[in-house]
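Take a look at the structure set out below.
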Amino acid sequence: MILPARELWRHKLAALGLAVFLSLLIVGAAAPYVIPGSVVRDVQFAAKLAPPDARHWFGTDDYGRDLLSMVLLATNLDLSASIAIVASAIAIGVLLGALAGFVHRLDQALMRVTDVFLSIPNLVLAMAIASVLGRSILNLSIALVFVWWPIYCRLMRGQVLSEREKPYVKALRALGIGSPRTIFRHIVPNAIFPVVARAAADVGLVLITMAALSYIGFGPGPYVPEWGSLIASGQAYIFQAPWLVIFPGAAIFLTSLSLNLVGDWARDAFDPRLRR
Amino acid sequence: MGLPEYIVKRLAGLGLVLVGVSMVVFVLLRGVPGVDPLAAYITPGLPMSSDALNGLKQELHLDQPLPVQYFYYVAGLLSGDWGYSRTAAQSVIVALLERLPATVELAVSAVLLSTLIGVPAGMLAALRRDRAPDLAVRIVSLAGISFPVFWLGIILQLVFFYYLGRLGLPNLPSRGRVGDLIALEYPLAPITGFYLFDSLAEGNFPFFISALRHLVLPAFTLSLIGLATVVRIMRASMLEVLRQDYMLLARSKGLPLRTVLVRHALRNAITPVLTTAGTTLGILLGGAVVVETVFSWPGIGRLAAQGILNNDSVLVVGFTLFVATMMVLVNLVVDILYAVVDPRVRY
């Protein structure tokens, strides 16, 4: 198949995004093994707020710690948390959405519940849930799962509703295949593409939302590196030591941009209606 | 079905959503396993006597079963009792309403900015589809949704406040709604609470200029949250409109390109942007929490963020209910306007 120049260009960008994201994953996974954990506790106030140089490429933070190590260590937490949040939300949303598409009574109730959840802005709802549960990264992640599952539930339900009318479902029934098997072995795999297509961009969105909430106060404290709270603690020194804010933010931007490049391509690839 | 019936039907649906939201909010405050509903009322380090705790328990009807509590809670909400915020040292609803104009001024400016930039950009991208302008607009909007806005806000402060100031160039203020000295020298008697409007109405121009300069950076930062969405929707809907037969007809009957673009294309293509305005405003109200914190903007978002630091969940949850209610109302208004403006809408 000969791709038009524009398609090729898009694919190249998507491939670039994927490559960047995979490298970030590797960096995040390797960071705790390569960088000694003692760096986080290595407080040296004499060396604080040093500008970037050959020894400390990103400079040092307000505790005198090497900022590059902190940013790299944070890659682990930020990436694994946002991926885990999206994966859990997809698991819950797909399961409930598939059931809603089949059980009419459940459908009505579930759709009213998702209406309510979707009527509150993501960040605001996550903030309320996490603030009731108590300030911690785990509670923040739980809150974000609560916020994101209805999106997948609605998507999956719509897909299942259109999929179940197709002839192959009737054929399966004629063959005597039971409902659970039909739903989870045949319909869900056929209906799941739009969910998968959203996933990459959503990991980016969850990452930004998590960093933002961690910035306004849900962060894990100074001894657990996390991008949003690194920015929060660096903001006090923005005019003296701007690198404290610039580098962690650039890490968020790079991650989220790479995911959006992949997500943009995935959305078009899985949804031919948008390909114009 | 006529318009009045449509409005009634929409109101009923939205009422249901609001009842649902109140239930979610109630469960958060009273029914989360392992969380003591009284904890939100106790300032850490300031323990209350058991008498005071028991009094509070009775006042909040915590000794009653949950459904009864819910009844009392909703009755309280309807009568304006949204609980007491330790952070603001005020009743929650008063604290929110007092700071609402600041947030609305910021959010509306941001919506205007993202529309004023986003609509022409989306149109341009659609008209020059797949050429350089389209690619540029798409890359910029892709980068736009990838920015953590709170980070961008801090960087803008660094550049437009600090670096410009150090170079001795005119710079932009980075914190608050108006200069402290200006507010002392040219005091403003509040009418609506919207500084720009009030100062103009009173002819207080120094105040107006100061308020406007304070608004630039936060409004621009906040507008970036909605900008990418506006561009994307505008581009897609413009592409759709450009394929319609009436566009060909309009051109072939000799109308100038300009007229065709503005009168035929823009008017038809802009409706999806307007429909999503309600949702966009909701997203911006969420973003306001973060942007107001960055710029020390004294609105409801910063108050909620302060509530988080104080473990003041009465305030934070009240804020959530408030934002959800506003979103529902804005969506209702948008729907009705849409039905009035566009005769093709079938209710």
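For (1) crowded, with 24+ Cβ neighbours inside 10 Å; (2) within 13 Å of chain B (Cβ to nearest Cβ); (3) over 24 Å from A:Val147 (Cβ atoms), each residue gets a yes or a no:
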| position | (1), (2), (3) |
| --- | --- |
| A:Phe193 | no, no, no |
| A:Leu205 | no, yes, no |
| A:Ala211 | yes, yes, no |
| A:Gly228 | yes, yes, no |
| A:Ile231 | yes, yes, no |
| A:Pro242 | no, yes, yes |
| A:Pro248 | yes, yes, no |
| A:Ile252 | yes, yes, no |
- line: Among residues of segment A:214-226 being farther than 25 Å from A:Leu22 by Cα and touching a helix residue (DSSP H, G or I) at 6+ places or on another chain (Cβ under 7 Å), the residue farthest from the other protein chains (Cβ to nearest Cβ) is A:Tyr223
- request: Provide a single number: the residues in segment B:23-58 that are of a type in the set (Gly, Ala, Ser) and under 29 Å from the mean Cα position of the chain (by Cα).
  value: 2
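Residues checked against (1) more than 14 Å from chain A (Cβ to nearest Cβ); (2) surrounded by 16 or more Cβ atoms within 10 Å (Cβ to Cβ); (3) part of a helix (DSSP H, G or I):
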position: B:Gly254; (1), (2), (3): yes, no, no
position: B:Ala265; (1), (2), (3): yes, yes, yes
position: B:Asn268; (1), (2), (3): yes, yes, yes
position: B:Leu284; (1), (2), (3): no, yes, yes
position: B:Ser296; (1), (2), (3): no, no, no
position: B:Met327; (1), (2), (3): no, yes, yes
position: B:Val330; (1), (2), (3): no, yes, yes
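Per-residue answers, yes or no, for (1) farther than 25 Å from B:Pro148 by Cα; (2) at pLDDT 90 or above; (3) in contact with a strand residue (DSSP E or B) (Cβ under 8 Å, 6 or more places away or on another chain):
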position	(1), (2), (3)
B:Gly299	no, yes, no
B:Ala304	no, yes, no
B:Asn310	no, no, no
B:Val330	yes, no, no
B:Arg344	yes, no, no
field: segment B:55-71, residues that are part of a loop (DSSP other than H, G, I, E, B) and of a type in the set (S, T, N, Q)
entry: B:Gln64
query: For segment B:113-137, which residues satisfy the criterion of being without any contact (Cβ under 8 Å) to a residue 40 or more places away in the chain and either more than 14 Å from every other protein chain (Cβ to nearest Cβ) or crowded, with 21+ Cβ neighbours inside 10 Å (or both)?
result: B:Leu116, B:Pro120, B:Leu124
- request: Tell me which residues, restricted to segment B:229-252, are farther than 30 Å from B:Phe150 by Cβ, among the polar types (S, T, N, Q) and assigned to a helix (DSSP H, G or I).
  value: B:Ser237, B:Ser252
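This table checks each residue for (1) out of contact with any Ser or Thr (no Cβ under 8 Å at 6 or more places or on another chain); (2) farther than 25 Å from B:Thr279 by Cβ.
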site	(1), (2)
B:Gly176	no, yes
B:Phe220	yes, no
B:Leu224	no, no
B:Ala228	no, no
B:Met247	yes, yes
B:Gly254	yes, yes
B:Leu257	yes, yes
B:Val262	yes, yes
query: Within segment A:28-77, how many residues turn out to be aliphatic (A, V, I, L, M), in a helix (DSSP H, G or I) and exposed (fewer than 15 other Cβ atoms within 10 Å of the Cβ)?
result: 4
- request: Could you identify the single residue in B:Val94, B:Val17, B:Val25 that is aliphatic (A, V, I, L, M), modelled with pLDDT of 85 or more and farther than 24 Å from B:Gln306 by Cβ?
  value: B:Val17
message: Can you find a residue that is within 12 Å of A:Asp78 (Cα to Cα), crowded, with 18+ Cβ neighbours inside 10 Å and within 8 Å of another protein chain (Cβ to nearest Cβ) anywhere in segment A:261-276?
response: no
message: I'd like to verify a number: residues in segment B:138-154 that are under 29 Å from B:Arg213 (Cβ atoms), of a type in the set (A, V, I, L, M, F, W, C) and surrounded by 17 or more Cβ atoms within 10 Å (Cβ to Cβ), how many?
response: 7
- line: Among the residues of segment B:279-292, the number that are in contact (Cβ under 8 Å) with a residue 60 or more places away in the chain, within 17 Å of B:Leu100 (Cβ to Cβ) and of a type outside the set (D, E, K, R) is 6
Unmet requirement for A:Val124, which otherwise passes all of (1) part of a helix (DSSP H, G or I); (2) of a type in the set (Val, Ile, Thr); (3) at pLDDT below 90: (3)
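The rows are residues; the columns are (1) of a type in the set (Val, Ile, Thr); (2) surrounded by 21 or more Cβ atoms within 10 Å (Cβ to Cβ); (3) touching a residue at least 40 places away in the same chain (Cβ under 8 Å); (4) in a helix (DSSP H, G or I).
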site: B:Gly193; (1), (2), (3), (4): no, no, yes, no
site: B:Leu200; (1), (2), (3), (4): no, no, no, yes
site: B:Gly203; (1), (2), (3), (4): no, no, no, no
site: B:Ser210; (1), (2), (3), (4): no, yes, no, yes
site: B:Phe220; (1), (2), (3), (4): no, yes, yes, yes
site: B:Leu227; (1), (2), (3), (4): no, yes, yes, yes
query: If you go through segment B:239-248 one residue at a time, do you hit one that is within 14 Å of another protein chain (Cβ to nearest Cβ), within 29 Å of the chain's Cα centre (by Cα), surrounded by 24 or more Cβ atoms within 10 Å (Cβ to Cβ) and touching a residue at least 40 places away in the same chain (Cβ under 8 Å)?
result: no
message: Being at the interface with chain A (Cβ under 10 Å from one of its Cβ atoms) and on the phi < 0 side of the Ramachandran plot is true for just one of B:Ile145, B:Ile191. Which residue is that?
response: B:Ile145
message: Given the condition over 16 Å from A:Pro189 (Cβ atoms), touching a Gly at 6+ places or on another chain (Cβ under 9 Å) and among the charged types (D, E, K, R), answer yes or no: does some residue in segment A:137-154 qualify?
response: yes
query: Looking at (1) in a loop (DSSP other than H, G, I, E, B); (2) surrounded by 14 or more Cβ atoms within 10 Å (Cβ to Cβ), which is the one condition that is false for B:Leu169?
result: (2)
task: Kindly provide the set of residues from segment A:62-92 that are in contact with a Lys or Arg (Cβ under 7 Å, 6 or more places away or on another chain) and either closer than 26 Å to A:Phe21 by Cβ or of a type in the set (Phe, Trp, Tyr) (or both), ordered by number.
output: A:Tyr63
- request: Could you list all residues from segment A:79-135 that are more than 16 Å from A:Val203 (Cα to Cα), away from chain B (no Cβ under 12 Å) and of a type in the set (Gly, Ala, Ser)?
  value: A:Gly97, A:Ala98, A:Ala100, A:Gly101
task: Mind listing just one residue for me: the one in segment B:298-317 that is in a loop (DSSP other than H, G, I, E, B) and facing chain A (nearest Cβ under 9 Å) and, of those, nearest to B:Arg99 (Cα to Cα)?
output: B:Asp312
task: Within segment A:37-47, identify whether any single residue is modelled with pLDDT of 85 or more and aromatic (Phe, Trp, Tyr), and answer yes or no.
output: no
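The values are calculated or read from the model by the stated rules, or taken from the named source; none is laboratory data. Remember, predicted model here, so these are calculated numbers, not experimental data. Heads up, the Cβs are rebuilt from the backbone with ideal geometry, glycines too, and the neighbour counts pull from every protein chain shown.
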